Amino acid sequence: MNKIYIYIIIFFLAIGCVKKDLNEINYLLLKDWIYAKEVKTFSPLNQILDRPPGGEILIMQLKFVSKIECVYYTVPFKSIPGKLIIFENQLSENCAEVRNNNGLTEVTDVSKFKISFENFKLNLSFNYKKQQYTWDFPFYNIKNGFIHEKFKSKKTLSLLSGLEFINTPKKYIGRLSDRFSLGQALRCHHVNQKCETIGEYRCDECRFGWYEIADFNCPQGGSKFCGQNHCGEKNEPACPRGYKIFENEDTGICQSELIPVYNQEHILVCQ
Amino acid sequence: MKKFKSIFIIVILCLISLVFLLKTEKTNKSEQFVRRKDALLRLIKNSTEIHRIWLEGEDSREWGLVRNQCLKKYNITESFDESLLRCRPMLLACINEFLPKKLFNSINNKSDAYSYQFTLEDSDTHEKLDISLNNKCHELYLEQGIYAYGEAPKNTNADDYKFDIYNRHIYFDQHLVTNDELNEWIKSYKTELNTITNGNLLFKPASQLSLKQMRSYCSFRGQQLMEAHIYDAATFLTADKMRSPFYWTKKIREKNISCLQIYTEECLPDFKWKIDSSSASWAGLYNSLGGVPEALRNPVDPDSNLKASSFYFQRTSPWHRLGFRANWDGLGNERRNINFRGIDPLTYTDKFEIGFRCMREVYQ
């Protein structure tokens with residue numbers, strides 16, 4: 001008889017407490033997703049997702065400063081309920097087409113799910129327990145490159161150029177005292193002789209700015225170092241003189257008593 | 001059995017009331033999340049408003065409402081180019097202080113090289129949002145192309161130093177660094193400078209720094225000290241061998257030069273010189289001739305690192321030419337620190353004001 005009581009209690013408690021409220025999920029997603037730096041959608045936009053019936057599909061991947069979030073949707077079919085599933089991945093791992101992890105957040109009984117993503121704004125609309133819901137998410141931190149126009153300041157292709165939301169302090173690299181001639185300067189962008197970029201571009205992380213050097217005369221420019229620019233000075237890199245080579249002229253600028261010479265790494269250095 | 005039944009009914013009643021309580025709690029909790037979400041959306045909307053005021057600066061309706069109170073607060077009595085208030089925290093701080101509706105709660109000290117950070121807080125829910133606003137709206141893009149360095153060659157057979165900036169995105173500061181901007185550096189970093197400038201000096205050029213300090217300041221902003229060849233690119237109207245020494249005309253000689261074109265010694269009694277947006281070069285660089293001398297980094301000829309054209313010289317002085325520069329040792333602002341190549345100021349001046357500006361490159 002005691003067992004029955006226990007079952008009854010568990011049953012009622014389960015009804016009362018376990019599931020996350022939909023409004024809570026909406027709030028938590030909004031609070032989290034406004035910091036997304038990149039959003040990729042994988043499912044058709046602006047139409048109700050109804051294929052494959054009963055199957056689970058990856059609909060979206062959101063990239064943040066230190067994590068990736070994957071959003072899956074189970075298309076409802078007969079006894080299989082529609083489900084919205086969200087889980088976190090490490091930054092290095094992209095979302096798999098087939099989910100290999102348990103959901104961090106799950107909403108069951110979802111149907112008529114539709115996604116639209118336009119002008120850095122995401123809209124999710126769906127039915128939940130026969131009621132229609134629409135969730136909007138603006139992405140102010142997504143940058144799709146820059147616009148460089150003469151007589152204007154730098155414009156970022158984003159929802160509002162120059163506005164960002166912050167939840168983690170930005171990490172910086174480089175010290176003010178770092179000098180190329182002393183072998184201390186950090187290379188934040190490495191371009192090889194085939195004009196390929198080696199590794200990641202990190203110059204945006206340089207605390208004290210960065211400068212480009214003259215090396216392989218690549219169309220996209222040469223390698224870049226963090227710190228104060230001393231180009232043209234003794235034992236420092238030559239300043240790039242241009243991409244279009246000037247006949248009978250050096251491709252680097254050095255102070256008048258110095259000459260540009262390639263070092264072992266094929267960087268033009270003033271000596 | 002009767003006793004068992006009554007216990008069972010009591011238990012069921014207890015459970016029903018428990019579930020009811022939990023449901024009520026859940027509904028309250030749910031409403032609380034709706035409120036918090038709405039608050040967050042309000043903060044997002046407020047941040048776009050702040051962003052608008054940030055960019056509009058002196059043109060914003062809000063500035064018009066608080067202008068007098070703000071200038072009074074900072075003891076600014078002289079007129080200055082109020083466009084310098086764009087993308088500056090002072091304007092927002094004043095609007096926040098003097099308008100009844102608070103825009104934000106605090107300006108974070110942790111502002112970085114490229115932006116200022118503000119914390120917004122909803123008064124009802126205490127929901128918080130940290131935003132960052134770009135501080136680089138006073139810089140301009142230098143169009144890609146082939147440019148010339150230095151003055152026009154004396155004769156047509158002489159070499160002319162050319163360079164190009166194709167596939168490079170160079171941005172330069174339109175105006176000289178102000179004391180208001182410098183104050184942030186002094187407050188943020190342990191520099192040997194410890195005097196915070198106030199009042200009418202706030203929007204005047206920071207002009208008492210050593211060359212090393214100027215370079216450190218630009219680094220603090222994630223920039224570099226303006227380079228002589230980039231300065232020439234942004235100021236010479238054409239890069240041909242017959243380029244004009246003046247930024248507003250292609251003529252080699254110009255007779256009637258006004259104080260608005262070059263602010264020289266003769267202009268001092270008429271009106272005070274100030275950083276303003278009336279004397280832009282073709283690329284939008286202000287004060288390329290006249291006003292205060294300006295320090296540059298010259299990677300070609302390090303001894304030509306000072307734009308000497310300034311109000312220390314009369315209108316007829318040969319210094320008022322683009323690309324013609326004096327030598328500054330960068331250590332002090334006294335007469336002995338500057339080599340004017342024999343073309344000295346006629347009036348004795350003990351200390352020279354020397355301004356500077358910064359530039360940077362952006363990678364696409």
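Readers should treat all values here as calculations from the given coordinates under stated rules, not as data from a laboratory. These figures come from a predicted structure and were not determined experimentally. As a convention, Cβ positions derive from the backbone with ideal geometry for all residues, glycine included, and neighbour counts pool all protein chains shown.
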When the Karplus curve 6.51 cos²θ - 1.76 cosθ + 1.60 is applied with θ = phi - 60°, which whole-Hz ³J(HN,Hα) does each residue of segment A:146-151 get, with x for Gly and Pro? 10, 10, 10, 10, 5, 6
May I ask for the distance between the Cα centers of segment B:120-160 and segment B:320-364, given as a whole number of Å? 22
Charge dipole (debye, nearest 20) of segment A:139-271; +1 at Cβ of Lys and Arg, -1 at Cβ of Asp and Glu: 620
Listed residues A:GLN184, A:GLN132, A:GLN47, most fluctuating in chain A (Gaussian network, C-alpha, under 10 Å): A:GLN184
Quick calc: nm separation of the 7 Å Cα→Cβ label points for B:THR347 and B:GLN364 -> 4.9
Please average, across the residues of A:147-157, the number of beta carbons from any other chain that are within 10 Å of each residue's own beta carbon, and give a whole number. 6
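Of the peptides B:175-181, A:51-57, B:323-329, how do they stack up when ordered by the mean number of other Cβ atoms within 10 Å, highest first? Walk me through the numbers on the way to the answer.
Values: B:175-181: 22.9, A:51-57: 13.0, B:323-329: 20.1.
Descending mean neighbour count gives B:175-181, B:323-329, A:51-57.
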Local net charge near B:GLN174, Cβ-Cβ under 12 Å (Lys/Arg +1, Asp/Glu -1): 0
Average beta-carbon neighbours from other chains, 10 Å sphere, peptide A:205-211: 6
Reduced to Cα centres, the span from segment B:173-251 to segment A:198-271 in Å works out to 23
Looking only at aspartates and glutamates whose Cα falls under 20 Å of B:LYS251's and that sit 8 or more positions away or on another chain, we get B:GLU151, B:ASP160, B:ASP232, B:ASP240
Distant-in-sequence amide H partners of A:ASN89 (H built 1.01 Å from N, under 5 Å): A:ILE68, A:GLU69, A:CYS70
Can you run phi through the Karplus equation (6.51, -1.76, 1.60; θ = phi - 60°) for segment B:136-141 and list ³J(HN,Hα) in whole Hz, with x for Gly and Pro? 10, 8, 9, 9, 10, 7
Would you please give the residues with an amide H less than 5 Å from that of B:SER106, counting only those at least 5 places away or on a separate chain, with H modeled from the backbone geometry? B:THR119
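Quick one: of B:LYS187/B:LYS351; A:LYS37/A:LYS121; A:LYS83/A:LYS114; A:LYS40/A:LYS114; B:LYS204/B:LYS274, which pairs are farther than 18 Å apart, Cα to Cα? Numbers along the way, then the final one.
Working: B:LYS187/B:LYS351 25 Å; A:LYS37/A:LYS121 13 Å; A:LYS83/A:LYS114 13 Å; A:LYS40/A:LYS114 15 Å; B:LYS204/B:LYS274 7 Å.
Cα-Cα > 18 Å for B:LYS187/B:LYS351; rest within.
To the nearest whole number, what is the average tally of beta carbon atoms from other chains within 10 Å of the beta carbons of peptide A:223-233? Present the calculation step by step, with values, prior to reporting the outcome.
Working: counts 0, 2, 0, 0, 2, 8, 12, 4, 4, 9, 3.
So the per-residue partner count for this stretch is 4.
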Which aspartates and glutamates, if any, have their Cα less than 12 Å from the Cα of A:LYS63, not counting same-chain residues under 8 positions apart? A:ASP32, A:GLU38, A:GLU88, A:GLU93
Between the helical axis of A:22-33 and the dominant principal axis of chain A, each derived from Cα atoms, what acute angle in degrees is found, rounded to the nearest 10? 10
Would you work out if segment B:200-329 is rounded, prolate or oblate? Take a ≥ b ≥ c from the square roots of the eigenvalues of the alpha-carbon gyration tensor; rounded if a/c is under 1.5, else prolate when a/b is larger than b/c, oblate otherwise. oblate
Starting with the highest mean, order A:218-231, B:261-274 by the number of other Cβ atoms within 10 Å, averaged over the residues of each peptide. A:218-231, B:261-274
Find out how many positive minus negative residues lie around B:LYS307, taking Lys and Arg as positive, Asp and Glu as negative, among other residues whose Cβ is under 9 Å from that of B:LYS307. 0
For A:LYS112, what residues show an amide H to amide H distance below 5 Å, using hydrogens built from the backbone and excluding near sequence neighbours? A:ASN127
Quick one: grab the alpha carbon gyration tensor of the protein assembly as shown, order the square roots of its eigenvalues as a ≥ b ≥ c, and give me rounded if a/c is under 1.5, else prolate or oblate depending on whether a/b is larger than b/c. prolate
Karplus-derived 3J(HN,Hα) from phi for segment B:302-309 (6.51 cos²θ - 1.76 cosθ + 1.60, θ = phi - 60°), whole Hz, x at Gly and Pro, runs x, 7, 10, 10, 9, 6, 7, 3
Inter-part gap, Cα centre of segment A:90-105 to Cα centre of segment B:31-78, in whole angstrom, is 40
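Quick check: net charge around A:PRO44, other residues with Cβ under 13 Å of its Cβ, Lys/Arg +1 and Asp/Glu -1?
Values: positive: A:ARG51, A:LYS114; negative: A:ASP50.
Value of the local net charge: +1.
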If you line up the long axis of helix A:2-17 against the longest principal axis of chain A, both from Cα atoms, how many degrees apart are they, to the nearest 10? 50
Rounded to the nearest 500, the 222 nm mean residue ellipticity computed for chain A from DSSP H runs (n ≥ 4, each -39500 (n - 2.57)) alone is -3500 deg cm²/dmol
